[in-house]
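Engineer: Okay, here's the structure, questions in a sec.
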Amino acid sequence: MKSLLTVPVHAMAISLLSFANPAIGMDLDPDKTLRDWQMQRLMDPSPRELEKERKGSVYIYDGLTEREVDAALETHFHRIQSMMFVGTVKTDERGKPMEDPKSGKYIQESGGCRD
């Protein structure tokens, strides 16, 4: 085991800074982190996730874009019984999320339960 005295000073400084600010090197946007995780699960599920789907589990994907949902259905149609999509974000012809001009929020598909 290395003695603390043999650790380079800059390495120790970086280590101490990471305790002062634990967000260094971490994504600070929880929405992006969740979206990235959902896309990983949707497009490249782990063997364990696939096994759960084979046993009847359904995963609810929330807030993905129309383009992402369409790509998943084209690529993984055989898994459609294990997918549910809610809060799907409408996209323009370029695939960019559409925003409400008044609120600035993304426009989402209606599930029929609200206006």
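Engineer: With a cut-off of 8 Å between alpha carbons and a minimum separation of six or more residues, what is the relative contact order of the stretch 30-105 in percent? It would help to have the intermediate numbers written out before the result.
Structural biologist: On the way: 62 pairs, mean separation 22.0, N = 76.
With pairs under 8 Å counted, the relative contact order is 29 percent.
Engineer: Also: Carbon and sulfur: what percent of the stretch 29-103's accessible surface (1.4 Å probe)? Don't skip to the answer; put the middle values down first.
Structural biologist: On the way: 2810 of 5160 Å².
Carbon and sulfur: 54 percent of the exposed surface of the stretch 29-103.
Engineer: Report the full-extension gain for the segment MET84 to THR33: residue separation times 0.36 nm, less the Cα-Cα distance, to one decimal in nm. Please report the intermediate quantities before stating the final value.
Structural biologist: Details: separation 51, 0.36 × 51 = 18.36 nm, distance 1.95 nm.
Taking MET84 through THR33 to full extension adds about 16.4 nm, to one decimal.
Engineer: Here's another thing I want to ask about it. Apply 1/(1 + (r/R0)^6) to the Cβ-Cβ distance of SER57 and LYS102, taking R0 = 41 Å, and write down the FRET efficiency to the nearest 0.05.
Structural biologist: Working: r = 39 Å, r/R0 = 0.95.
For R0 = 41 Å, the calculated efficiency reads 0.60.
Engineer: If you filter the stretch 37-115 for GluC sites (Glu not before Pro), then keep DSSP loop positions with at most 16 other Cβ within 10 Å, what is left? Spell out each step's value before the answer.
Structural biologist: Values: sites: GLU49, GLU51, GLU53, GLU66, GLU68, GLU74, GLU93, GLU99, GLU109; in loops: GLU93, GLU109.
Hits after loop and neighbour filter: GLU93, GLU109.
The values are calculated or read from the model by the stated rules, or taken from the named source; none is laboratory data. Given the structure is predicted, the values throughout are model-derived calculations rather than measurements. Methodologically, a virtual Cβ is constructed for each residue, glycine included, from the backbone with ideal geometry; neighbour enumeration extends over all protein chains shown. Protein only, heavy atoms only, side chains kept; ligands, DNA and RNA dropped before computing areas. Shrake-Rupley method; radii C 1.70, N 1.55, O 1.52, S 1.80 Å.
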